Amino acid sequence: MRKLIAITQVTVDGVMQGPGGREEDPRNGFTRGGWAMPFGDDVLHKVIDELMAGEFDMLLGRWTYELFANYWPEQDNGIARAFDKAKKYVVTRTRSPDQLAWKPAQPIGGDVVDEIRRLKASGGPELHLWGSSNLLQTLIAADVIDEYRLWLAPVVLGEGKRLFENGLPPRALSLVATRSTSTGLLINTYRPAGPFRQACSGDLRRLTAGTEQTNTGAHADGGDAGRVRVDARRGGERVHRAGFTTAILTPDSRPTPQPGTPARLF
């Protein structure tokens, strides 16, 4: 079974639209593109290099495929070479194989969810889903995504397409890995963890009791309640056993992103 991984740049308020350039995605009047560009650093570049060094195919909606096809073939770097080599599965009802100029590419039509399930059941490397917000909503609702790799930027936009839009069924996620960068970006990996569990009366007591233990350093197993990393510039981050991250964020005065070329990854 091939693993389907959604790799998404997202803001603190959940916006995923137009991370790479000011004019990247102006749909629905969105004017705040390029918000992700100030947050690249050596840690993120290493994560990207490791990602591109692996074997993967790509799953893209038609709009994202055409956006990428107009940019990446003209670039000469590790990302471009990896994307160029990967087979690109494109969800489209209007494009034939001959109309997909960025090869290798194969259109997917018909019942999208059934086709993706068949694709996952076939042989081959991981499937990486980039952007493709409309397709993403369909696949999240159908529960066919195996892993979410979210690059969470410390910025609030207040508008734009969101990773998890209203109307999606509630589900639990498990935090399986997290890293932070010098620019305040959180690189989090989540996996589906079954149905959403409604809070019960004992949850608050357990949470506050755990907080008191963390503050005093008294733990039944003699270990830490979480892993704490402190950055003198950015504050602290705590990763709890319960699977959530507590980050200390402060207002920042980063420069406004300048007009950039669409589809860049830092």
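Brief remarks on what is shown
- Extension gain for N166-K103 works out to 19.2 nm (0.36 nm per residue, less the C-alpha to C-alpha distance).
- Estimated translational D of the stretch 17-67 in µm²/s (Stokes, Kirkwood radius over Cα pairs; 4 °C; 1.567 mPa s): 101 µm²/s
- Net charge of the neighbourhood of L173, taken over other residues with C-beta under 13 Å away and scored Lys/Arg +1, Asp/Glu -1, is +1.
- Violating pairs (Cα-Cα greater than 24 angstrom) within the set K88/K120; K87/K161; K46/K103: K87/K161; K46/K103
- 3J(HN,Hα) along the stretch 129-136: 9, 10, x, 6, 4, 5, 4, 4 Hz, from the Karplus curve 6.51 cos²θ - 1.76 cosθ + 1.60 with θ = phi - 60°, whole Hz, x for Gly and Pro.
- Within the shell defined by Cβ-Cβ distances under 10 Å, the residues around K103 carry a net charge of +1, with Lys and Arg each +1 and Asp and Glu each -1.
- Order of W35, W63 - criterion: other Cβ atoms within 10 Å of each residue's Cβ, fewest first: W63, W35
- Amide proton proximity set for A193, modelled H, under 5 Å, gap of 5+: A172, L173, S174
- Cα extents for the stretch 28-112 along the principal axes, largest to smallest and rounded to whole angstrom: 41, 36, 25.
- Dipole of the stretch 73-126 [Lys/Arg +1, Asp/Glu -1 at C-beta], most positive-end residue of A86, V112, L100: V112
- Dipole size of the stretch 9-129 about its Cα centre, with +1 on Lys/Arg Cβ and -1 on Asp/Glu Cβ: approximately 420 debye, rounded to the nearest 20.
- Cβ-based exposure ranking for T189, T31, in which fewest neighbours within 10 Å come first: T31, T189
Where a number appears in this text, it was derived from the coordinates with a stated rule and is not lab data. Model, not experiment: these values are computed from the prediction. Here the Cβ is made from the backbone with ideal geometry for all residues, glycine too, and neighbour counts use every protein chain on show.
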